[in-house]
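Derivation of every value follows stated rules applied to the coordinates shown; laboratory data play no part. What you see is a predicted model, and the numbers here were worked out from it, not measured in a lab. Positions of Cβ are generated from backbone atoms using ideal geometry, with glycine treated the same way; all protein chains shown enter the neighbour counts.
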Amino acid sequence: MFSEDDFIMLSALQHYIFCPRQCALIHVEQVWAENRLTAEGRIMHDKVHEEGSESRGSVRIERALALRSLRLGLSGMADVVEFHRQANGSWLPFPVEYKRGKPKPDESDAVQLCAQAMCLEEMLNVRIEAGAIFYGKTRHRHDVKFDEALRSTTEEIAHKTHELIESGITPKAMYEKKCESCSLLELCLPKIVEKVRSVKKYLESV
Ligand code: SF4
């Protein structure tokens, strides 16, 4: 069990999956920069959060709900949690995350949603089997099943992210294609760092 002082943000898991260096720059070194993609994402989240709570038939919708898990050492906020009324009169949470773009090839969105579900499970003492991700670009809502494989990946990522942040060490920059969409590109300078590294290597070899 973690104490609240050791909590990391839910968003750190997604940053870690995208690039451990980006995760450390943001969550260890407190570096942040916005690009068009992060600005569009922030505006979308703000819009969703502003809409407040409402009821639609047998669904109660809560927005900007604070989350935390003592077991995983995570805290953050869910964009939307729908509470679906069950036949026995109880309410089952169904987290919905809003994303600016389209589905990604990696599991980062599903891991972030699963981590939110695991927070809700711990807070409300329920089992949540599924949630959904709404993608702004395709305007489609994709259901996500919280199966054992996704749960175990989420726990592993939470563990590794804690290790990275607690180490206080920022991994070295390595230029990859994804760097072009990274909001920290201008601060991280992966191409220059790589060039310096290869010059240093050359000088050491002569
Ligand atoms: S620019 Fe590339 S290496 Fe640097 S933080 Fe972003 S993704 Fe990671």
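Residue count for the stretch 165-180, restricted to those that are out of contact with any helix residue (DSSP H, G or I) (no Cβ under 6 Å at 6 or more places or on another chain) and part of a helix (DSSP H, G or I): 5.
Of all residues being in a helix (DSSP H, G or I) and among the aromatic types (Phe, Trp, Tyr) in the stretch 1-54, which is nearest to the ligand (Cβ to nearest atom)? Just the residue, please. Among those residues, the one meeting the criterion is 18. Which residue is farthest from the ligand (Cβ to nearest atom), if the candidates are limited to the stretch 151-184 and must be buried (at least 18 other Cβ atoms within 10 Å of the Cβ) and among the aliphatic types (A, V, I, L, M)? Filtering first and then ranking leaves 158. Close Cβ contacts (under 9 Å, 6 or more residues apart or on different chains) running from residues in the stretch 164-185 that are farther than 19 Å from residue 28 by Cα and in contact (Cβ under 8 Å) with a residue 24 or more places away in the chain to residues that are more than 8 Å from the ligand (Cβ to nearest atom) and of a type in the set (A, V, I, L, M) comprise 181/37. With respect to the conditions (1) buried (at least 17 other Cβ atoms within 10 Å of the Cβ); (2) in contact with a Lys or Arg (Cβ under 7 Å, 6 or more places away or on another chain), residue 17 falls short on a single one, namely (2). Of the residues screened, residue 193 is one that is touching a Lys or Arg at 6+ places or on another chain (Cβ under 8 Å) and more than 8 Å from the ligand (Cβ to nearest atom).
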